[in-house]
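Notes for the one structure printed next.
Bear in mind that the values in this text are calculations on the coordinates, not laboratory data. Being a predicted model, the structure only gives us computed values, none of them experimental. We place every Cβ from the backbone using ideal geometry, glycine too, and count neighbours over all the protein chains shown.
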Amino acid sequence: MRSFRGADCDTDHYLVIEKVRERLAVGKQAAQRFDRQRFNLRKLNEPEVREQYQIEITNRFAALENGNDEEDVNRSWEHIKENIQTSAEESLGLHELNQNKLWFDEECLGFLGQRKWDNLQWIEDPSQSNVDIQNKVSREVSKQFRDKKKAYLRAKIEELETNSKIQNIRDL
C-alpha cells in the first residue's frame, strides 16, 4: 500500500494505491487426506489372524511368481500392491474411524432431546414457570454430560496406567 500525499484529487483525503496479490492455498486437511485404505493392523497381534494373513500373502505371491517374468516393472508393482491390499482387506478388515466424543452415548442423546423439548416449550410459552423448568433441565443435562465425561476420562486414565504397568507401549 502506498499513499500519494501530493496528488491533486480535489479533496482533503490522500490518494492511496494498493497492489493486491492473490494466491490459492491448499487447505491442510485436503493435503493430509489420504485416498488409501487403512487396515486394522491391531488384528495382527492375534496369532490366528497373523497366520491366516501370512498364508494368504504366500499363496498370492506364489501365484504371482508363476506369471509372466517379462512384465513391465510398473505393472509388476501394481500386481504386488493389489495382492497385498486384497489379502489385508480380507484377513484384517478396514480400520474404523473413532468417534470424536466416545463418552457421548444413547443416554446423552436422550438428555439432549429432553433439553431441546423443554427449550421449545419455553419458546412457545415464555412464562416464568417454563423458564424455571428450562433452566433446571439445562443445568441437570449439563451436569450429566460433565459426569459422563469425567467417568470416561477416569476409565481412560486407568487403562493408560494398566498399559504402562504391563509395558504395553502400543496402546499408550
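For the reader, a short list of remarks on this structure follows.
- Neighbour-limited loop hits for trypsin sites (Lys or Arg not before Pro), the range 81-172 (at most 10 other Cβ within 10 Å; DSSP other than H, G, I, E, B): none
- Couplings 3J(HN,Hα) of the range 114-128, computed from phi: 5, 5, 5, 5, 5, 5, 5, 4, 5, 5, 5, 9, x, 6, 5 Hz, in residue order, whole Hz [Karplus 6.51 cos²θ - 1.76 cosθ + 1.60, θ = phi - 60°; x for Gly and Pro].
- Among the listed pairs Lys101/Lys165; Lys43/Lys148; Lys101/Lys143; Lys101/Lys136; Lys81/Lys156; Lys43/Lys143, those beyond 28 Å (Cα-Cα): Lys43/Lys148; Lys81/Lys156; Lys43/Lys143
- Spin-label model distance (nm) - Lys165 vs Glu106, 7 Å beyond Cα toward Cβ: 3.3 nm
- Nonlocal amide H pairs with Phe39, under 5 Å, H built at 1.01 Å: His95
- Here the Karplus relation 6.51 cos²θ - 1.76 cosθ + 1.60, evaluated at θ = phi - 60°, turns the backbone of the range 139-150 into coupling constants of 5, 5, 5, 4, 5, 4, 4, 4, 5, 4, 5, 4 Hz, with x for every Gly and Pro.
- Assigned charges on the beta-carbon of Lys, Arg, Asp, Glu; the range 36-91 dipole about Cα centre (debye): 440 debye
- Extension gain for Trp77-Leu153 works out to 22.8 nm (0.36 nm per residue, less the C-alpha to C-alpha distance).
- Expected-Rg normalisation [2.2 N^0.38 Å, Cα atoms] applied to the range 36-91: 1.25
- Placing R0 at 35 angstrom, the Cβ-Cβ distance between Ile123 and Lys143 gives a FRET efficiency of 0.95 after rounding to 0.05.
- Estimated distance in nm for a label pair at Arg42 and Lys116, the labels positioned 7 Å out from Cα along Cα-to-Cβ: 3.0 nm
- The range 106-171 shape via C-alpha gyration tensor axes, a/c threshold 1.5: prolate
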